[in-house]
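For reference, the structure discussed in these notes is given below.
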Amino acid sequence: MATALVDLYGGQPIPFDRIVLAEGYRPSEDEEFMSDLHRAYFLRKLKGWKEDILEEARQTMAQLQVDSLREPDIADRASSETDWGIELRTRDRQRKLIAKIDCAIRRLYEGEYGYCEVTGDPISLARLEARPIATMTLEAQERHERIEKVSRDD
């Protein structure tokens, strides 16, 4: 894989995870697909997304420790318990999302990121921008979902 940048002080390639991107940089179809700049961009995007989720989880845990579910009114208590139940289910879904983000980061380091796990074709930059954890092209995903639907209907 071609290296996008070279260290000015020694002519050594800069690993993609050490590249500092220009403010506002976005991958372009005009660039080599999954160049080091693309990989650096998606690594930053994935790590930022993961950190946001972890920060929300920390805030939820802190709030759970502060708030007690000891409202005197039974209706208020039921409402609070329902709200916290929804919040905790959301955090559980986000925990699963973190596992997918970690897999995407691993694929970046292994050079597999951005390529469909079914066809091996490049996943469009627009799809990766919208869903950075995507592992299939849109066409492969739609085919997979159709097959899954047919299997469920049987």
| field | Lysine pair number, Cα distance threshold 22 Å (strictly under), the chain, separation 8 or more or different chains | value | 6
| note | Comparing 125, 64, 88 in a Gaussian network model of the chain (Cα, 10 Å), the one with the largest mean-square fluctuation is 64
| Under the Kirkwood approximation applied to all pairs of distinct alpha-carbon atoms, what is the hydrodynamic radius of the range 93-154 in Å? | 12.5 Å
| said: Out of all Cα-Cα pairs in the range 69-114, roughly what percent, to the nearest whole number, are more than 13 Å apart? | reply: 66 percent
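Among 72-85, 38-51, how do they line up by average Cβ neighbours within 10 Å per residue, starting with the highest?
Result, highest mean Cβ count within 10 Å first: 38-51, 72-85.
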| task | Please work out the ratio of the alpha-carbon Rg of the range 52-143 to 2.2 N^0.38 Å and round it to two decimals. | result | 1.57
| request: In whole Hz, with x marking every Gly and Pro, tabulate ³J(HN,Hα) for the range 15-22 from phi via Karplus 6.51 cos²θ - 1.76 cosθ + 1.60, θ = phi - 60°. | output: x, 4, 7, 10, 6, 9, 8, 5
| said: What is the angle, in °, between the Cα long axis of helix 74-110 and the longest principal axis of the Cα atoms in the chain? Nearest 10 is fine, range 0 to 90. | reply: 20 degrees
| task | Using just the helices of the chain, give the 222 nm mean residue ellipticity in deg cm²/dmol: DSSP H runs with n ≥ 4 each add -39,500 (n - 2.57), and the total is spread over all residues, rounded to 500. | result | -20500 deg cm²/dmol
| field | Label point distance in nm, residue 31-residue 81, each placed 7 Å from Cα along Cα→Cβ | value | 5.2 nm
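Please work out the Cα convex hull volume for the range 22-95 and give it in Å³ per residue. Walk me through the numbers on the way to the answer.
Working: hull volume 9.1 nm³, N = 74.
Looking at the range 22-95, the number lands at 122 Å³ per residue.
Restricting to Cα atoms and excluding each atom paired with itself, what does the Kirkwood estimate give for the chain in Å? List each step's numbers first, then the result.
Values: mean 1/r = 0.0535 Å⁻¹.
Hydrodynamic radius (Kirkwood, Cα pairs) of the chain is 18.7 Å.
All of the numbers you see were taken from the coordinates with simple rules; none came from a lab. Note that the structure is predicted; figures quoted are calculated from it, not measured. No Cβ is skipped: glycine too gets one built from the backbone with ideal geometry, and neighbour counts run over all protein chains shown.
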